[in-house]
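Report on one structure; see the data block that follows.
The values are calculated or read from the model by the stated rules, or taken from the named source; none is laboratory data. Note that the structure is predicted; figures quoted are calculated from it, not measured. Note that we place each Cβ from the backbone using ideal geometry, even for glycine, and neighbour counts take in every protein chain shown.
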Amino acid sequence: MELLGAIVAPFLPPLLDGVARKVKALIQNRMGPSIFQTWYDIITLLSMEPTLPTGSLAFRLAPYIALASALCMAFMLPYGSNSIINFGGDLIAFIYVFTLFSAALVFGALSVENSYSHAGANRELTLSLVFKPLFTITIGIFALKTGSLSITQIAHSISPSLSIVGAYLLLLYVAYVEAGFIPYDIAEAETEILEGPLSEYSGRLLGLLKWALQIKRFAMIWLFASFVTLPIAEGVFAFVLQMMVFLLAYLLMVTYESLNARYRLDQAMNQGMKGIVIGAVLTIIAWLGW
Amino acid sequence: MLFALLFIIASIIGLIKREQVKIVGLLSALASLALVVEALSGIDATYSILGLEFAFMTDTISRYFCILVGISGLAVSLYTAEYMEPRHLNLAAYSVFILSMALIVLSRDFLEFIIFWELMTIASYVLIVTYYDNTETKKASIIYLVAMHAFNTAPLLLAIGAIYSQFGTLDYSTLQGVYVPTWVIWAFLLGFISKAGIFPVHFWLPEAHPVAPSNVSALLSGTMLKMAIYGMIRVVELFPGSEAIARTMVVLAILTIAIGAIMALVQKDIKRLMAYSSVDNMGYLFLALGAYIMLDRVLKKIAFLALLLHAFNHLVFKNLLFMLSGNVLHATGRKDLELRGLGKKMPFTAVMSVVGILSVSAVPPLNGFISKWLIYQATFLSKDPLLVGGGVISLFASALTLAAYIKIYRIFTGEPNVEAHEAAPLMLAGEAILAFLCVVAGIFPGIIARIINVDVGNPWLISIGGATFNALLFAGTLCSFIIAAAIALPTKKNLDAPWTTGEPVDEFEQKPEHMFTPIAKFGKKLSFIGERIEERFSSFERWYSSKDLGYLDEIMFMPVIKLIEGTSYVIKELSKNLNALLAVTFLVLFTIVLTMAVLAGVI
């Protein structure tokens, strides 16, 4: 069952991005591109030879590492009841593979002499300084209530309580931010800094990076969907339910994204800080037993 | 104890022939290798010197720390052979430094412990003042010496003295499990946290480590700080009743983690940044130790493994990073973050820096991840809110560490703005050993765990407490994805200049002090508070010395001196008249005899 994830994780996300563009277009009262447009874009990019602005090995290697870590993240999640890569404490490994993804992006961006790339790298790291702790606090609440740090084990043993509901909402927020939807796509801002870390990439390397970003987005929202559905379902039914919850959450996020403008870095940080305070309060509530 | 002999020979050579850096370095490397080999097979020796019995024996923990000292000694000595500039006694002090650290962990009673501890402090002081003509070094070395003796040696001596006066012996095996007064454990805690650089007493670390030559900084930051952890583990293992200090230790450790990581972010000097990062990592070690004391059963084992693995990992990557900063300093003469473009002329340094940076940020599949993963397991699953808070702060600090070290990566990219050259082969060899260990310990962490006899199931993975992390499989999966993608979608080298929309890059270049501004503001506030506290202290000192109190002893002894002065004046006057002098002398003698008779109880 979980091997279905090996097909879903790499090949579904660009299709979802196409759906997102269609939804955004419909909200903005235009036709928009076809659902497969993102796939067409990625395939075109993958077939083109890149132009390298620097001979640095880090620049060339970064998209491959980013793709590998995004796939690893996706493979650590459950499809149905089990996941492909599964071990105790893999929620921490999930966070750190995410860190590897950011690190690869940042190392690649810093290897080229372009102020926009550097600005994008800076923003990527600054955002992670606030939102990784928020993610950790959310995980801390789940770990306190379920006594485990394994994704599948937490997903199967969540029982509803006040702090868990709060933790779900926080997880939804963190998934939204880390997926890089519009109020928070500060690092890869298209219009402000020419796509930030991606600006000097072209051709095949750009295609790989875009694909990796889509897979990362998928992984974060699938994590949320797993935590919501797996306590109440098993096997194939769980997978179908996960897919439905995921699509619902994705569509809601895309709709919210279409109605918003991008935050400045300090505004996003303030939101993150407020989230951390709420998370700390929720942790205390969880420790008190509710 | 062949290694001790080799170290002593090396230090004698260093003493007699002050310029033979290569010989001393290579001999020290050989001696460290001998230390590792002997420690693996166990050491059990007793010597009688000047009537004192010195016994050296390895048990599980001391064997592990011996191997740690040996590994770092080997790598840094190879580096030293090409790097260190011999000045005054520092060549002799170098071998003595490593030898004293090895003997600290091998000693079997507190007497040897404190003797070699003090020897280590003195040797490290000599090494720190290598560049004694630099004003910065003078200030830093005084802070180091005073802080070490006031906060480290003094409490340790008090504690050891109390143990001796209560039990009459200082031997570990006799003292195993005896109950000591709680204040003794507090004194030990104070002594060891000041050596390790934990929050209230961490101020000496960012001053002392940057001014020392880079190989010495590597040993100070990587290995000497572990001696404090070793001492604390010893005390916790010997004496029951350490629950009293556990909570305080965890609170201080959490503060240290936060402060060290934030302060590392705002530094402009490479070595100071790394020194603050060491402070941060020592916080992790004490957090793990506190968790070890506070938890029980499975989580206790996890915390213990986390503690020892992180000691190894930090030793390896911090030594590596400091030696790489030495490469940069040696090649360019600068250690600030304004350097650019060193990657072109120093490719090996750049690659090993990436390995070091990824290790310190705990990115899988390198070694830093394993120990951090274990720390998170121990803290998050503990159901204790203090420890869970510690886990959250750890992750925050982990992200801050990545951000801080990215600034160091930046010096290797871009167009060069200084002349540079790659480091000498021996220097690179020392660093390559540690870089290799970083990767190996990340993929096969079970090997390290085997040395401490912690049961982790299969030696190729870490399986503890129901959680199995197969690092090899994980690294293999990542690598296979990368290789598959690289084979399916390769890139040809098709070079061109960067397109920056036509704007000149240097005008809009992002300076390191402007990176991470929202968080860096906190760091600036923290350093501002630190400066205010220092200002208060120094203003008190200025007030005190401005008073015409002069010396303290003058106040105490002045009246007596004035009395003697007055008496001698009177006698001088009297001597001008002989009769009067004889009369006074007779009177004085009579008074003395009378006083003594009264005192003896005769009258």
Considering each residue of segment A:1-46, count those that are in a helix (DSSP H, G or I) and within 27 Å of A:Tyr79 (Cβ to Cβ), and give that number. 28
Can you tell me which condition A:Arg60 does not meet? The list is (1) part of a helix (DSSP H, G or I); (2) more than 8 Å from chain B (Cβ to nearest Cβ); (3) surrounded by fewer than 22 Cβ atoms within 10 Å (Cβ to Cβ), and all the others hold. (2)
Provide a single number: the residues in segment B:216-244 that are polar (S, T, N, Q) and modelled with pLDDT under 90. 1
Being surrounded by 24 or more Cβ atoms within 10 Å (Cβ to Cβ), more than 30 Å from B:Phe65 (Cβ to Cβ) and either touching a strand residue (DSSP E or B) at 6+ places or on another chain (Cβ under 7 Å) or among the aromatic types (Phe, Trp, Tyr) (or both) is the filter here; which residues of segment B:299-357 pass it? none
Can you say whether B:Tyr64 is surrounded by fewer than 16 Cβ atoms within 10 Å (Cβ to Cβ) and among the aromatic types (Phe, Trp, Tyr), as far as the supplied structure shows? no
Residues of segment B:357-368 satisfying the condition of being more than 14 Å from B:Ala403 (Cα to Cα) and either within 9 Å of chain A (Cβ to nearest Cβ) or of a type outside the set (A, V, I, L, M, F, W, C) (or both): B:Pro364, B:Pro365, B:Asn367, B:Gly368
Consider only pairs whose beta carbons are under 6 Å apart and that are at least six residues apart or on different chains; among these, list those whose first residue lies in segment A:69-94 and is within 11 Å of chain B (Cβ to nearest Cβ) and whose second residue is assigned to a strand (DSSP E or B) and among the small types (Gly, Ala, Ser). A:Met76/A:Ser83; A:Gly88/B:Ala467; A:Gly89/B:Ala467
Do we find that B:Lys372 is within 26 Å of the chain's Cα centre (by Cα), of a type outside the set (A, V, I, L, M) and either closer than 25 Å to B:Thr248 by Cβ or at the interface with another protein chain (Cβ under 10 Å from one of its Cβ atoms) (or both) in this structure? yes
Residue list for segment B:197-248, restricted to those being outside any helix (DSSP H, G or I) and farther than 25 Å from B:Ala140 by Cα: B:Phe239, B:Pro240, B:Gly241, B:Ser242
State whether one or more residues within segment A:101-114 are crowded, with 24+ Cβ neighbours inside 10 Å, facing another protein chain (nearest Cβ under 7 Å) and touching a Lys or Arg at 6+ places or on another chain (Cβ under 7 Å). yes
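For segment A:127-146, does any single residue satisfy the condition of being of a type in the set (A, V, I, L, M, F, W, C), assigned to a loop (DSSP other than H, G, I, E, B) and within 7 Å of chain B (Cβ to nearest Cβ)?
No: zero hits.
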Between a residue in segment A:41-55 that is more than 10 Å from every other protein chain (Cβ to nearest Cβ) and any residue that is of a type in the set (S, T, N, Q), which pairs come within a Cβ distance under 8 Å, given they are 6 or more apart or on different chains? A:Met48/A:Ser202
Against the condition touching a residue at least 12 places away in the same chain (Cβ under 8 Å), under 23 Å from the mean Cα position of the chain (by Cα) and over 14 Å from B:Ala435 (Cβ atoms), how does B:Gly326 come out, does it pass? yes
Determine which member of the set A:Ala103, A:Ala121 is at pLDDT 90 or above and more than 21 Å from A:Leu230 (Cα to Cα). A:Ala103
Pick from segment B:406-423 the residues that are more than 10 Å from chain A (Cβ to nearest Cβ) and of a type outside the set (Val, Ile, Thr): which of them is surrounded by the most Cβ atoms within 10 Å (Cβ to Cβ)? B:Ala423
Taking the residues in segment B:376-396 that are touching a Gly at 6+ places or on another chain (Cβ under 7 Å) and part of a helix (DSSP H, G or I) as candidates, determine which candidate is farthest from the other protein chains (Cβ to nearest Cβ). B:Thr379
So, in segment A:115-154, of the ones that are under 19 Å from the mean Cα position of the chain (by Cα) and polar (S, T, N, Q), which residue ends up surrounded by the most Cβ atoms within 10 Å (Cβ to Cβ)? A:Thr136
